[in-house]
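**Q** Here you go, one structure.
The numbers here are math on the coordinates, done by the rules we state, and not lab data. What you see is a predicted model, and the numbers here were worked out from it, not measured in a lab. Cβ sites come from the backbone with ideal geometry, for glycine too, and all protein chains shown count toward neighbours.
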Amino acid sequence: MTRNRVRLSGGAGWQTDFRRRTTGRAPRSAMEIATVRRVLNHTLTELKRAIDRHAVAAAADLYALAWQQAAGAPPSETRQQRALLQSYKEILASRRWQEAERLQASSAPSAPPSRPGRTTAAPPRPPSASRAEKPKPVRSSQQQDRTKKTVASRARPVPAAAAATPAAAERPSRPAQPALLETARLYETATGLRPLLEETAKAGATTSWPLIRKRLPGLGRLHPDDESVILWLVDEDRQEGEPLLSALVTTGNRQMHPRFPVIAEHLGLPCGTNTAQQQTTWSYEVLKVHQHWRHRRQ
């Protein structure tokens, strides 16, 4: 039985953190969700005004603030607001907006030049004092021989094999894991990833994180735990009865991602306890995703 279990990358520790960052959070009441929506709508209104008057700095600050506020409620409760944020993101990333940003940066008043103060130059040193030679001490012949032997022993080259320790040569340098993203950034990434996975489902294909990074500009390498949370956020936003789009994110050889069973179980889809059951559940979910989105309007 142990041999049939799926090996989860990173051990079981990531599952505890995954529960804490997703379903382990305190549920929001209807009044709290309504407050989040009201505050977020106000921020979106101010963001639209800043975009209309081409206030670059104010728009950037309001855009970041809006994502922080959107992260205060489940994605399914702020679907309309996040779609509006995506449209504003396209405006802020457009070439016209970047030109306006450069113009405003170039026309900004520069800092006033500081008044030159009085500087007192140090008096020049007399050449006789700087070039004065110290008297050389007189050494005996025995002291000179000892000095030559010491210099010769220090000048011996050290072999390259002895310089590098065996432990350092055998251990290749591992790339450091990226830092965990903030909650607002996770929500923003999940909102941009969902349309891409919908396109993948309509094409009857699968994808992987390296391919996703090529399709989403500005998305760098993510921590594996952040990848799991983002996929959970994508499917938390699904309509009732829709299959899991996270099933389409596979490994490099188009096989089930090892973290899919845990993500699916936290979304209400039990996958079983052994490899055969999990593979069957995953294959059937991929088939349902392709059939569901194949008949949706383009």
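**Q** Residues in segment 258-296, backbone N under 14 Å from the label point at GLU240 (7 Å along the Cα-to-beta-carbon vector): list them, ranges by number please.
**A** Hits in segment 258-296 for GLU240 at 14 Å: none.
**Q** Give the residue list of GluC sites (Glu not before Pro) in segment 238-298 that are DSSP loop and have at most 10 other beta-carbon atoms within 10 angstrom. Before the final figure, lay out the partial values.
**A** Working: sites: GLU240, GLU265, GLU285; in loops: GLU240.
Those satisfying the criteria are GLU240.
**Q** Using Cα centres only, tell me the gap between segment 263-297 and segment 24-89 in whole Å.
**A** So the two Cα centres are separated by 32 Å.
**Q** Can you work out the Karplus-derived ³J(HN,Hα) for every residue in segment 224-239? Use 6.51 cos²θ - 1.76 cosθ + 1.60 with θ = phi - 60°, whole Hz, and x for glycine or proline.
**A** x, 5, 5, 4, 5, 5, 5, 5, 5, 5, 4, 7, 5, 8, 6, 6
**Q** Of the listed peptides 275-282, 218-225, what is their order by residue-averaged count of other C-beta atoms within 10 Å, with the highest listed first?
**A** 275-282, 218-225
**Q** Right, another one. Full-extension gain between SER106 and SER94, please, as 0.36 nm times their residue separation minus the C-alpha to C-alpha distance.
**A** Computed gain between SER106 and SER94 is 2.5 nm.
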